[in-house]
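Below you'll find the structure, written out as structure tokens, and then a few comments.
The values are calculated or read from the model by the stated rules, or taken from the named source; none is laboratory data. Keep in mind that what you see is a predicted model, and the values were worked out from it rather than measured. Glycine gets a Cβ as well: all are built from the backbone with ideal geometry, and neighbour counts include every protein chain shown. Areas reflect the complete protein model, heavy atoms only, side chains present, ligands, DNA and RNA absent. Shrake-Rupley method; radii C 1.70, N 1.55, O 1.52, S 1.80 Å.
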Amino acid sequence: MKIDRRSFLSFLIGGAAGTTLSPLTWKLMDDSAIWTQMWPWTPVPEDGEASYVNSACSLCSGGCGITVRKIDDRAVKIEGMKGHPLNNGGLCILGLSGLQLLYGPTRVWTPLKRVGKRGRGRWEKISWKGAVSEVAETLGDLRKKGQSHTAGIISGSDRGTVPRLFDRFLTVYGSPNLMRTSSIIDSYELTLHLMQGVQALPGFDFENADFILSFGSGIVDGWGSPVRMFRANSTWCNTGGKVVQIEPRLSNTAAKSDKWIPINPGTETALALGIAHVIIKESLYDAEFINYYSEGFEDWKRFVLDEYGPDSVATITGIDSATIIALASSFARASKPLAICGRGQGTTPGSLNECTAVHALNALVGNINKKGGIFAVAEPDYINWPEVEMDARAAVGMQKDRLDGAGSKKYPFSRHLLNRLPQAINSGEKYPLKALFVAGANPLYTMSDSKAVKKAFDKVPFVVSFSSYMDETAQNADLILPNHAYLERYEDIPTPAGMPKPVIGLSRPVVKPLFNTKHTGDVIILLAKAMGGNIADAFAWNSYDECLKETLGYKWRVMVEKGFWSHPDFFVQTHEESFDTVSGKFEFAPKETGSLKQFKPVKIEGDKTNYPLLLIPYDSIRLANGVVGDPPFVMKSVDDTVLKGTDVFIELNPKTAGEHGLREGQLAMLSTPVGKARVKVHLFDGIMPGLVALPRGLGHTAFDDYLAGKGINFNELIGPVEDSVSGLDAAWGIRVKLAKA
Amino acid sequence: MKHKKAKKYGMVINLDKCTGCGSCMVACMAENNVPFRKDESDKLLSITWMRVYKLTNGKPFPNTDICYLPRPCMHCEGQHEGHSPCVTVCPAVATDYNIETGIVSQIYTRCFGCRYCMASCPYKARYFNWWDPVWPDGMEKYLSPNVSPRMRGVVEKCSFCFHRYQMAKEKAFMEGRRKLKEDEYQTACTQACPAGAITFGDLNNPNHAVYRMVKPDPKHHGRPTNPNAFRLLERLGTNPKVYYLSSREWVRRVGDNYLKNESIAKKTVHQG
């Protein structure tokens, strides 16, 4: 057949018309849309019966109540518990993504024993029986040799039944070395001890306060019990409560506050004393409280009046004197003012004289143990176990000095000084640490000067991790005895620090344990039984659950029903019974500490010529920097001006950047006396010139691919600085040098 | 008559209370089976139905200020009901305006990924699945059966947690009720916000909190009459159902494209 022009064109046009008019094309297009989606390329979540379980979140020490939605035996969503005294329905970003930890790839499935060199990541599975007997044998050997004191425990907390079981075990075994992860709470405990003579936790009545003077505390950045603080902040929005935020960087808290006052970093104590100066001079203090319930005021007053006039404070802090005077006046004239401290999330204790100076402000306005003020909250005494009977070996071991120097002649008031442990091990000045348990903590990530911490760990011949996740510390352990994940176990969640009223939460199994894990409480009991003698006698319970039920007594039923227990007849102490000092009054200048009242700036590391800038950390609620790291969802929320690919951004004032010839997004080399890191530059007007800010919570080497290997761990760049009175870590930053990379 | 009965679900976000904590973002991801990848730092590829933007006033230290702005789908009403920018361009009727609730839907099985809707959305609230979602082994256990996971090649966006509306309606029906109480249907972000910055409810109901907070003007497509309230890109005439409250003027200015010396507009431009 011959194809001429005419037939060719008719074929073309006819074809086009036919195709358009025929439903075939449209049908095929529609089909293809449907068809390509018919294949099981995406999972189809199984439907089932929906139910809700109330529990408590223990991903941080905030103690929020949670309600978990379940479909059959799967947990599908975590929500905040309605009616809970702390979070009433709200929940933080980390708590919301908890299921990614429960079902995530970082869980430790079974007890593991290290094969080959430490930290290489080669493990062999062992049975629980084998694991427990191995630990019992090692500890038994040490004890036989009279070295029971060389065993130690690093614990995330020293409250609640599981930490107390560890404590009990260590006591009857014969070692004084239970060390708690440190935080601003250590400084507050010490302050309350010295100024009020009590052993108590601080409780802040934020909900009733109407003027918050925050010395760098990240009220909406994760300080205290985070969700409670978010709610308090909104309460102030409604009631007209004022927040004044003092810090050198415009944090989220500073941006939310009514007034942000940038200050030269590390000079907060001077400002607190300067405010005290104005309050005293203008007689704005609570005369009744000062006259009847305080001691040493005259001495302190003279000193404050002599040395901390607004002008000299202005020179130190960089805040002009008019602002200081106005601030002091509005603080003292507010009906329920409250001053707080603890930088960022309060993960470092800071200097003790800063905490006492800030606390003195509260005393000046007389808001101690008063509505809208600060309370000394005694531990709820629900854990009443019979005294342990120590044998001779245990008694000898308990007599030994603590390795971290807490309670020693140098630092008689401190209870835990974990920051001093690496140095104590590395110098070998006291005695070596031969066995170390780590529970509820991840010291290889969270402790400052990572290199020194790693070196110290390498010197400990036997490290046991109780972590549910393969974190940095578990990776470098000899034995991992994985705890049930927090949604798989019963546990009491003690009142979070900062809460004025006792609220004990109950963590309970939302799902059955997924893997071959064991409750750490049960492991302690099994271990004690394996060791026999007095140690076994001190642990009469058959299981942890039995121990918990028995300990909580009548509270158990309330907690099972409501999910938490709160104190029904909580009352406010009168000033007459509040203070247990020698004088029976509030001590403005505790004698035990001598020079405490003075402002001596913390000597941070590095000299000005080699390291012209100052590096400070900043905390964000979107970057978990505690026991667990960010799950994938939370990583997703991190801004691209904080992390891009694997590069972390430092925040730099455009002025400082200009002086160093650095532009937005440019690579730079950051070096401090402790370490070096490659970073990218982000220009931020909200940071004081001369400062460099780096976020905490990145630079993990453990956990999953969604988190590991991204950014820098701030702790690699900073080391601890010992406070001269408390021995706690007082470092707020470090000197730093910045160069183009 | 019909119009009186219809609901117009909307959201009011108080930027004075919002702390930028990101709980809304994650509550949404957890509720709606939103996927995630190993690197989420390229925000053009990162699927976030609810995204929190950080705004700055651009002033040098120490007069700098920042504000966070959570951005869900605006569920635009358009110049007349249902005339949302995305709905009008979709060739597959994969996105539709629900007259009963005012919610703009996204029907994944109809979508064939032409992404016209993404181009037409002025709020960048729509996201394309460039890859099939992958959950690490075992993690698919937490997926909710109420929202189907999406595959490669389709567009997705905030649905005002429409499945929660359906569940609330079913529950009410089982209890023999026809009306929903205000708190019965709430989105996941509203419920999770620890600061209580988000309020969700019926903008047609003068008794609902959302109505009382913004006082929408029915003559001007629900433009807020509360001077502290604003909608994003008001002058485009998209008539979003998400309102923002802020006591700070610079924040309200950032909500639309103003010329340098222009004061905040008093009236909207009506187009087409």
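When segment A:640-672 is examined, which residues are found to be open to solvent by 40 Å² or more (accessible area, probe 1.4 Å), of a type outside the set (S, T, N, Q), farther than 19 Å from A:Ser251 by Cα and touching a Lys or Arg at 6+ places or on another chain (Cβ under 7 Å)?
Passing the criteria: A:Lys644, A:Leu667, A:Met669.
Spot the failing condition for A:Pro513; the list is (1) open to solvent by 10 Å² or more (accessible area, probe 1.4 Å); (2) away from every other protein chain (no Cβ under 14 Å), and only one is missed.
It fails just one condition, (2).
Has segment B:146-168 got at least one residue that is over 23 Å from A:Lys70 (Cβ atoms), basic (Lys, Arg) and within 14 Å of chain A (Cβ to nearest Cβ)?
Within segment B:146-168, one or more residues are over 23 Å from A:Lys70 (Cβ atoms), basic (Lys, Arg) and within 14 Å of chain A (Cβ to nearest Cβ).
Looking at A:Ser58, A:Ser22, A:Ser51, A:Ser32 in this structure, which one is away from chain B (no Cβ under 14 Å) and either acidic (Asp, Glu) or exposed (fewer than 14 other Cβ atoms within 10 Å of the Cβ) (or both)? Even if it seems obvious, please write down each step before you answer.
Values: A:Ser58 fails: either acidic (Asp, Glu) or exposed (fewer than 14 other Cβ atoms within 10 Å of the Cβ) (or both); A:Ser51 fails: away from chain B (no Cβ under 14 Å); A:Ser32 fails: away from chain B (no Cβ under 14 Å).
Answer to the check: A:Ser22.
A quick yes/no check of all residues on (1) part of a strand (DSSP E or B); (2) β-branched (Val, Ile, Thr); (3) under 29 Å from the mean Cα position of the chain (by Cα):
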| site | (1), (2), (3) |
| --- | --- |
| A:Glu576 | no, no, no |
| A:Gly584 | no, no, no |
| A:Ile604 | no, yes, yes |
| A:Ile621 | no, yes, yes |
| A:Met635 | no, no, yes |
| A:Phe649 | yes, no, yes |
| A:Gly665 | no, no, no |
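Counting only residues that are open to solvent by 20 Å² or more (accessible area, probe 1.4 Å), under 19 Å from the mean Cα position of the chain (by Cα) and more than 7 Å from every other protein chain (Cβ to nearest Cβ), how many does segment B:21-44 have?
So the answer is 1.
Answer with yes or no whether A:Asn426 is surrounded by fewer than 24 Cβ atoms within 10 Å (Cβ to Cβ) and assigned to a helix (DSSP H, G or I).
In short, yes.
Take the residues in segment A:61-77 that are touching a Lys or Arg at 6+ places or on another chain (Cβ under 8 Å) and within 7 Å of chain B (Cβ to nearest Cβ); name whichever of them is farthest from B:Cys193 (Cα to Cα).
A:Arg74
Considering each of A:Thr25, A:Thr67 in turn, give the residue that is among the polar types (S, T, N, Q) and at pLDDT 95 or above.
Sole residue among the options that is among the polar types (S, T, N, Q) and at pLDDT 95 or above: A:Thr67.
Quick check, is A:Glu664 more than 14 Å from chain B (Cβ to nearest Cβ) and among the acidic types (Asp, Glu)?
Taking the combined requirement at face value, the residue does not satisfy it.
Can we say A:Asp311 is modelled with pLDDT of 95 or more and surrounded by fewer than 20 Cβ atoms within 10 Å (Cβ to Cβ)?
Here the answer is yes, as A:Asp311 does meet what is asked.
Of the conditions (1) among the aliphatic types (A, V, I, L, M); (2) within 14 Å of chain A (Cβ to nearest Cβ); (3) outside any loop (DSSP other than H, G, I, E, B), B:Ala195 satisfies every one except a single condition; which number is it?
Unmet for B:Ala195, out of (1) among the aliphatic types (A, V, I, L, M); (2) within 14 Å of chain A (Cβ to nearest Cβ); (3) outside any loop (DSSP other than H, G, I, E, B): (3).
Testing A:Leu250 on (1) open to solvent by 10 Å² or more (accessible area, probe 1.4 Å); (2) modelled with pLDDT of 95 or more, one condition comes back false. Which one is that?
Here A:Leu250 meets the rest and fails (1).
Each row is one residue, and each column tells you yes or no for (1) within 14 Å of chain B (Cβ to nearest Cβ); (2) in a helix (DSSP H, G or I); (3) in contact (Cβ under 8 Å) with a residue 40 or more places away in the chain; (4) among the acidic types (Asp, Glu).
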residue: A:Leu86; (1), (2), (3), (4): yes, no, yes, no
residue: A:Gln100; (1), (2), (3), (4): yes, yes, yes, no
residue: A:Val135; (1), (2), (3), (4): no, yes, yes, no
residue: A:Arg143; (1), (2), (3), (4): no, yes, yes, no
residue: A:Gly152; (1), (2), (3), (4): no, no, yes, no
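Across segment B:78-87, what is the total count of residues that are at pLDDT 95 or above and open to solvent by 20 Å² or more (accessible area, probe 1.4 Å)?
2
Checking A:Leu96 against (1) touching a Gly at 6+ places or on another chain (Cβ under 8 Å); (2) within 12 Å of chain B (Cβ to nearest Cβ): exactly one of these is not met. Which one?
Looking at each condition in turn, A:Leu96 falls short on (1).
In segment A:705-721, how many residues are in a loop (DSSP other than H, G, I, E, B) and surrounded by 23 or more Cβ atoms within 10 Å (Cβ to Cβ)? Full working, then the answer.
We begin by selecting, within segment A:705-721, every residue in a loop (DSSP other than H, G, I, E, B); these are A:705-713, A:717-721.
So of that shortlist, the ones also surrounded by 23 or more Cβ atoms within 10 Å (Cβ to Cβ) come out as A:706-707, A:710-711, A:713, A:717-720.
Number satisfying all stated conditions: 9.
Is it fair to say B:Gly78 is farther than 20 Å from B:Pro240 by Cα and of a type in the set (Gly, Ala, Ser)? Steps first, answer last, please.
Working: farther than 20 Å from B:Pro240 by Cα: no; of a type in the set (Gly, Ala, Ser): yes.
No; evaluated as a whole, the condition is false for this residue.
Please work out which one of (1) under 21 Å from A:Thr701 (Cβ atoms); (2) in a strand (DSSP E or B); (3) not aliphatic (A, V, I, L, M) is the condition A:Lys455 fails and give its number.
Of everything listed in (1) under 21 Å from A:Thr701 (Cβ atoms); (2) in a strand (DSSP E or B); (3) not aliphatic (A, V, I, L, M), A:Lys455 misses just condition (2).
Out of the residues in segment A:673-690 that are of a type in the set (Val, Ile, Thr) and either open to solvent by less than 10 Å² (accessible area, probe 1.4 Å) or without any contact (Cβ under 8 Å) to a residue 60 or more places away in the chain (or both), which is nearest to A:Ile604 (Cα to Cα)?
A:Ile687
Please pick out the residue among B:Lys179, B:Lys171 that is open to solvent by 20 Å² or more (accessible area, probe 1.4 Å) and away from every other protein chain (no Cβ under 13 Å).
Selected residue: B:Lys179, the only one of B:Lys179, B:Lys171 that is open to solvent by 20 Å² or more (accessible area, probe 1.4 Å) and away from every other protein chain (no Cβ under 13 Å).
Mind listing whichever residues of segment A:617-673 are among the acidic types (Asp, Glu) and more than 16 Å from A:Phe714 (Cα to Cα)? Lay out the reasoning, then the answer.
Here is the first cut: in segment A:617-673, the residues among the acidic types (Asp, Glu) are A:619, A:630, A:639-640, A:647, A:651, A:659, A:664.
Correct list: A:Asp639, A:Asp640, A:Glu659, A:Glu664.
With segment A:202-267 as the region, which strands (runs of 3 or more DSSP E) entirely inside it contain at least 1 residues that are within 9 Å of chain B (Cβ to nearest Cβ) and in contact with a Pro (Cβ under 9 Å, 6 or more places away or on another chain)?
A:259-261
Keeping to segment B:112-145, report how many residues are within 10 Å of chain A (Cβ to nearest Cβ) and over 23 Å from A:Tyr706 (Cβ atoms).
3
Out of the residues in segment A:535-545 that are more than 30 Å from the chain's Cα centre (by Cα) and open to solvent by 50 Å² or more (accessible area, probe 1.4 Å), which is farthest from A:Pro105 (Cα to Cα)?
A:Asp537
Output the residue which, of all residues in segment A:674-726 that are within 21 Å of the chain's Cα centre (by Cα) and of a type in the set (S, T, N, Q), is farthest from the other protein chains (Cβ to nearest Cβ).
Here the answer is A:Ser726.
List the pairs whose first member sits in segment B:48-77 and is open to solvent by less than 20 Å² (accessible area, probe 1.4 Å), whose second member is of a type in the set (Asp, Glu) and at pLDDT 95 or above, and whose Cβ atoms are under 7 Å apart, counting only residues at least 6 apart or on separate chains?
Pairs found: B:Thr64/A:Asp685.
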